[in-house]
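Since the structure comes first, as structure tokens, the remarks are kept for the end.
Computed from the coordinates by the stated procedures, all read-outs in this text should not be read as laboratory data. This one's a predicted model, so the numbers in the text were calculated from it and none came from an experiment. FYI the Cβ positions are ideal-geometry reconstructions off the backbone, even for glycines, and counts take in every protein chain you see.
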Protein chains: 2
Amino acid sequence: MGGRHVAEITAPGAADLAAILDLSARTGVFSKEEVATVQELFEAYLHQPGHGGYFFLAYRGKGQVLGFACYGPVALTQGTYDLYWIAVDPEAQARGIGGALLARVEAEVQARGGRMLMVETSGRPDYDRTRRFYERQGYSRVATIDDFYAPGDDLVIYRKRFEH
Amino acid sequence: MGGRHVAEITAPGAADLAAILDLSARTGVFSKEEVATVQELFEAYLHQPGHGGYFFLAYRGKGQVLGFACYGPVALTQGTYDLYWIAVDPEAQARGIGGALLARVEAEVQARGGRMLMVETSGRPDYDRTRRFYERQGYSRVATIDDFYAPGDDLVIYRKRFEH
């Protein structure tokens, strides 16, 4: 994960919405409903006071959005944050973009005084790579709730604690 | 839990907001921020299409609101519901009002095709009674995430599955 990644990650603006939605759809892991949720949270981020509690980051390569992340504080907690999504363009996988975005999210969460970052993902076999990604990045599996998303589709909760 | 309870539980309207907020504040377990969240969700329930996904129920005795519950579907799941709150007037505790509200929530969730109801609460000693209440009502502890709400204040997740 080189320093060059850091320089390419910035807060996206209204002009990036179409690229973010297009990228989400092309990953193949966002349902239609989830793409609509990305749009809803992005609009909260753009227009609501305090970004509505949703912070987006975009990774750019040659001017194009190649990945994005969305995170925010969990309501009614002191210093606990949720990572809502990290998505990378399917044509730009395996270049460390996801890891660079996650590192930036963690840095921002810590800068905001966050104590921990939570990640919810699926226990389905097609999410094996996603779960291994978080495990490699130092996340611990703290809960598994069977059949949560749908029959046979478990919720898996990961967490990383930060030192202060 | 007598049938008379069932008859006294109805969907609240705009005129009940003040009583619901007053009751929330008087329980002593809602922080100011949580009372504000109750108001926010109640307004979504009143004004948004599909109640914004938040369903409220009020328990009335002699015309007064003595308790309320709020629940709704968990986004991006098939048939999983969250119980956001059950609150009972501190002067009307130990009369089975909480149990009656919970039974009605469960009946409504099942009528809407729900497969399970999730409850999140705190592991703090002052929530012992709350946790015992859910355990008595047939809820299983499916996860404990230490220090989630604050240092020393764990998240405890309960669940009840429904048969179809």
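Considering only the label points, 7 Å along Cα→Cβ from Cα, what distances in nm to one decimal separate A:E8 from the same position in each other copy, shortest first?
From this label point to the equivalent ones elsewhere in the assembly: 6.5 nm.
Using only the Cα atoms of region B:64-164, build the gyration tensor, take square roots of its eigenvalues as a ≥ b ≥ c, and label the shape rounded, prolate or oblate: rounded if a/c is under 1.5, else prolate if a/b is larger than b/c, else oblate.
Since a/c reaches 1.5 but b/c is at least a/b, the shape of region B:64-164 is classed as oblate.
Region B:70-164: which trypsin sites (Lys or Arg not before Pro) are DSSP loop and have at most 16 other beta-carbon atoms within 10 angstrom?
Filter output for region B:70-164: B:R95, B:R112.
Shortest first and in nm with one decimal, please list how far the A:Q78 label point sits from its counterparts in the other copies (point 7 Å along Cα→Cβ).
Inter-copy label distances (nm, one decimal, shortest first): 4.2.
By Cβ position, which chain A residue lies least far from the axis that rotates chain A onto chain B, and what is the distance to the nearest whole angstrom?
Value returned for chain A: A:A143, 2.
List the trypsin sites (Lys or Arg not before Pro) within region B:1-76 that fall in a DSSP loop (any state other than H, G, I, E or B) and whose Cβ has at most 13 other Cβ atoms within 10 Å.
Answer by residue number: B:K62.
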